[in-house]
1. Are there any pairs with C-beta distances below 6 angstrom linking a residue in region 353-378 that is farther than 15 Å from Val339 by Cα to a residue that is open to solvent by 20 Å² or more (accessible area, probe 1.4 Å) and among the charged types (D, E, K, R), with the two at least 6 apart or on different chains, and if so which?
2. So is Trp265 modelled with pLDDT of 85 or more, within 23 Å of Leu146 (Cα to Cα), part of a loop (DSSP other than H, G, I, E, B) and of a type outside the set (Ser, Thr, Tyr) or not?
3. Go through (1) at pLDDT 95 or above; (2) within 20 Å of Met242 (Cβ to Cβ) and name the single condition Gly88 misses.
4. Would you check if Leu205 is at pLDDT 95 or above, buried (at least 18 other Cβ atoms within 10 Å of the Cβ) and not basic (Lys, Arg)?
5. Output the qualifying pairs, or none if there are none: Cβ atoms under 6 angstrom, residues six or more apart or on different chains, first residue in region 221-237 and closer than 12 Å to Ala55 by Cα and more than 16 Å from ligand 2 (Cβ to nearest atom), second residue small (Gly, Ala, Ser) and at pLDDT 95 or above.
6. Is it true that Phe173 is loosely packed, with under 13 Cβ neighbours inside 10 Å and modelled with pLDDT of 90 or more?
7. Within 16 Å of ligand 1 (Cβ to nearest atom), at pLDDT below 90 and under 30 Å from Gly180 (Cα atoms): does that describe Trp297?
8. Being more than 16 Å from ligand 2 (Cβ to nearest atom) and not aromatic (Phe, Trp, Tyr): is that true of Arg393 here?
Amino acid sequence: MSQATEQPALEAATSGSVARPAGLFRALERGFARAQSALAALTPDELNPLLHLGAAANTTLMISAASGILLLFFYVPAVDQAYESVLGPMAGFLRTLHRYSSDACMLLVLLHLLKTFAAARFAGARWVAWFTGVGLLVTLWLDGWLGYWMLWDEGGAQTAMMSAAMVDALGLFSTPLSRGFAAHSLLNSLLFFVVFFCHIAIPLLLAAGIWLHLLRISKPRLLTNRPLTLVLLASLCAVSLMFPAPARGEADLARVTAEYALDPWYQAPLLLYGRVGEGLLWLAFAAGTLGLVAVPWLFSRRRRAPAKVDSSRCMGCEQCVKDCPFGANSMVAFEGRRVSRIDPAKCVGCGICIGSCSPAAIVLPELPLEVLRRRIDHWFSSPSSDQLAFVCRESAALAPHSVTAEGRHPELPGVRVIEVPCAGLVHPELVQRAQRRGAARVVVAACGADP
Ligand code: HEM
Ligand code: SF4
Ligand code: SF4
């Protein structure tokens, strides 16, 4: 293949594969990369929460669930007894731990969302994780919101009254729910119990949601490693002991002082309530949720063509089946032996299996190994002091569209850059080839981090 024909192939493979607007994604990703490096200077990778956001969200959710279960030994789900039942020191500690761990969970989920968005990890087969993630976010928030009824202090009563007014605005019930909150004597203990039941049942929905969330990820890191789990648990316990969650007076529906502290994650809508009507709040909620759901389609990039297996070269080692993050490879019978086959509907064209396959039996139509081999041969045909960098197009923060056809980038003098859809695509043969041809150094720049 001539240089003139291989160049468009390389450009086609790298351009257009990044989500638009590229500048926004690069800026967000650089922001995360900087925060990650700043934290990396203070803590080892295994304890750096920005490298384990999904798993850390899960761990804090587990801590919240466990402290909630222990709290049930003290809590009485009745309007007149709820507040008093959790005033003791042990119940107070568990209540605080329960609240702070759910706050930490929401914070980690929001960071996880932002980081996943910044890395544009929502396209292709990942839409399932994104879509279910939005469901998890809404469900988590709803559970926290309902949790604030449980204490039945002033903040809880305000949360309950706003919930009733919001439901009434939908006109679902002939008797408005808000009427039940007109006076303490009218309060319906059954409604209170139903909310309590929902608050403890919703985590089951969350568990099912997390299962769906990780369905298309073949080796997800569900929970944090042991040291990070211990650090999270110990810090949440320490903060809970040092700063007990406030309980500022049992709810009195006749008196609203507005002096109670609002939880910024779960009770934020209370700040808007009163300033804007219920209709506008519903509209904002619906628009926000739909906007998030639509992200994979709004910011989609060109779908990469799926990888293909050359059955005649496949030796049936099954390494690609183990390595594909999306479960797209499977073994099938072919001419009396077992070979790998790729399901085009599941394949996102990341190329990870290409790096796994010793006999180079897998081909990514947009970026054939042959094109990369020729490029390396061309750049390193004579002794060179240049380095070669394979840069993950999705995650390594390079300025958009600034790698020239000759592999030059203004911020990387003395380096030839090849952008790849995923660092996992880099076949060891390519690294050895560049070294043999005289590249001063070969670098593979990957994201390497849990979103
Ligand atoms: C309770 C809330 C959530 C929990 C516990 C959670 C947990 C996780 C975990 C453990 C992973 C796998 C990480 C790995 O091993 O690579 C993951 C992946 C993912 N999450 Fe979440 N998540 C939550 C909410 C969300 C939200 C709100 C979004 C976005 C709307 C989201 C989007 C994603 C995506 C797109 C992936 C796949 C990333 C990839 O394949 O590279 N998640 N999540
Ligand atoms: S390119 Fe390979 S590793 Fe990536 S999704 Fe397709 S089959 Fe799986
Ligand atoms: S890694 Fe390569 S040789 Fe091994 S099963 Fe997959 S395609 Fe075949």
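The values are calculated or read from the model by the stated rules, or taken from the named source; none is laboratory data. Because the structure is a prediction, the values reported are computed rather than measured. Heads up, the Cβs are rebuilt from the backbone with ideal geometry, glycines too, and the neighbour counts pull from every protein chain shown. These area figures cover heavy atoms from the full protein model, side chains too; ligands, DNA and RNA do not enter into them. Shrake-Rupley method; radii C 1.70, N 1.55, O 1.52, S 1.80 Å.
1. Within 6 Å, the pairs are Glu366/Arg304; Ile376/Arg433.
2. It is true that Trp265 is modelled with pLDDT of 85 or more, within 23 Å of Leu146 (Cα to Cα), part of a loop (DSSP other than H, G, I, E, B) and of a type outside the set (Ser, Thr, Tyr).
3. (1)
4. No.
5. Here the result reads Arg221/Ala55; Leu223/Ala55; Thr224/Ala55; Thr224/Ala56, each pair linking region 221-237 to a residue that is small (Gly, Ala, Ser) and at pLDDT 95 or above.
6. No.
7. Against the criterion (within 16 Å of ligand 1 (Cβ to nearest atom), at pLDDT below 90 and under 30 Å from Gly180 (Cα atoms)), Trp297 does not qualify.
8. no
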